[in-house]
Amino acid sequence: MILTPKRTTVYTGAVYDSARWDDFVPRDDDVFICTPPKSGTTWTQAICAYLIFGHIDEEIEPGMISPWLDAKFVPWIELNAMLAAQTHRRFIKTHTPLDGIPYFPQCTYLMVYRDPRDTYFSMRGHAANMKNHKLARRLTASVSDGFREWTEKSFRPGNFDAFALGANAHHFDSYHRFANLPNLHFFHYADMKQNLRGVVAAMGAALGLSPSDAHLDDIVAAVSFDSMKANAWKFAPNARRGVWKDDSRFFNAGQNQQWRDALIAKDLAIYDTRIADLLSGDHIDWLHNGDHNGDGAL
């Protein structure tokens, strides 16, 4: 018997409510981009857009047409109307663990993960660019103090606003325990950095698409860091809505292993102990390094 996911938890927070899924009506070809924050979500949305539309077009704005379903920034009635009106294959973002969203066997799930230490540093830059100081509270004055707080902070399912290593590990575990399901596809940020063309092709295969070599080349060029930063107005979520101090700074660095020069040995030892309590060794290795051969598969 193949086990299937069950929705057992509602995740809520200052800007977040996974109960919005209660009124969501799926289509058979829907794509769900499921990631912890700062793990390559926006990058994957852009890739999906160009795979699904089949061409590169200035008019395609992934940040506008691929909504974050759980976020309360846009009233549900407005977001639902937008999704209902879309005639293209829909691709929808969520940061919710699998125990907090419905599972639709006819739909496609793309999970993207990143070394949790890198997500911490990415979130620091993210918070510094937010106009809302209350939401930017994740930025602390001391890198070490903030990192240790993030590492050791307790987490319980249901608390979305818990910016913590435990939340990241729980997200991974909630999906990975169902990795045998054919419509769940795992990718890693490190593989996207190492072999973006290979990962784009693998994502296309997961969507049942076979882009030409020329189209793959076009996508890789269009979703490069420099290209997305220069065109933040169409890629960054909530661009042109006054959420960010600078829309282009949403794409802050896009680098891995910033933590190596910023943390001391004691910080990393605390992290190593904590993550070993949360995940098995094989899972930790994949979460830190990806697939090693660069095609993004788990």
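If you go through the stretch 171-189 and keep only what is modelled with pLDDT of 95 or more, crowded, with 18+ Cβ neighbours inside 10 Å and either closer than 12 Å to T44 by Cα or among the hydrophobic types (A, V, I, L, M, F, W, C) (or both), you end up with F172, L184, F186, F187, H188. For the stretch 141-197, the helices (runs of 4 or more DSSP H) that sit wholly inside it and include 2 or more residues that are in contact (Cβ under 8 Å) with a residue 12 or more places away in the chain and under 15 Å from the mean Cα position of the chain (by Cα) are 165-176, 189-194. Of the residues C107, C34, the single one that is under 16 Å from the mean Cα position of the chain (by Cα) and surrounded by 15 or more Cβ atoms within 10 Å (Cβ to Cβ) is C34.
Among the candidates I77, I60, I56, the residue that is of a type in the set (A, V, I, L, M, F, W, C) and either modelled with pLDDT of 90 or more or over 23 Å from A222 (Cα atoms) (or both) is uniquely I77. For A84, the stated conditions hold: it is at pLDDT 95 or above, surrounded by fewer than 23 Cβ atoms within 10 Å (Cβ to Cβ) and of a type in the set (G, A, S).
When you look at T96, is it touching a Cys at 6+ places or on another chain (Cβ under 9 Å), β-branched (V, I, T) and over 21 Å from A230 (Cα atoms), yes or no?
Yes.
In summary, I60 fulfils each of the numbered conditions (1) more than 22 Å from P116 (Cβ to Cβ); (2) in contact (Cβ under 8 Å) with a residue 40 or more places away in the chain; (3) surrounded by 19 or more Cβ atoms within 10 Å (Cβ to Cβ) with the single exception of condition (3). Summed over the stretch 63-96, residues that are within 19 Å of G208 (Cα to Cα), more than 13 Å from the chain's Cα centre (by Cα) and in contact (Cβ under 8 Å) with a residue 40 or more places away in the chain total 2.
The condition of being surrounded by 15 or more Cβ atoms within 10 Å (Cβ to Cβ), in contact (Cβ under 8 Å) with a residue 24 or more places away in the chain and either in contact with a strand residue (DSSP E or B) (Cβ under 7 Å, 6 or more places away or on another chain) or over 16 Å from H185 (Cβ atoms) (or both) holds for A46.
All but one of (1) surrounded by 17 or more Cβ atoms within 10 Å (Cβ to Cβ); (2) assigned to a helix (DSSP H, G or I); (3) not aliphatic (A, V, I, L, M) hold for K93; which doesn't? Result: K93 passes all but (2).
Screening L79, L98 for residues that are aliphatic (A, V, I, L, M) and under 26 Å from M192 (Cα atoms) leaves exactly one candidate, L98. Residues of the stretch 26-44 that are in a loop (DSSP other than H, G, I, E, B) and closer than 15 Å to V200 by Cα: G40 alone.
The values are calculated or read from the model by the stated rules, or taken from the named source; none is laboratory data. The model shown is predicted, which means the values in this text are computed figures rather than measured ones. Glycine gets a Cβ as well: all are built from the backbone with ideal geometry, and neighbour counts include every protein chain shown.
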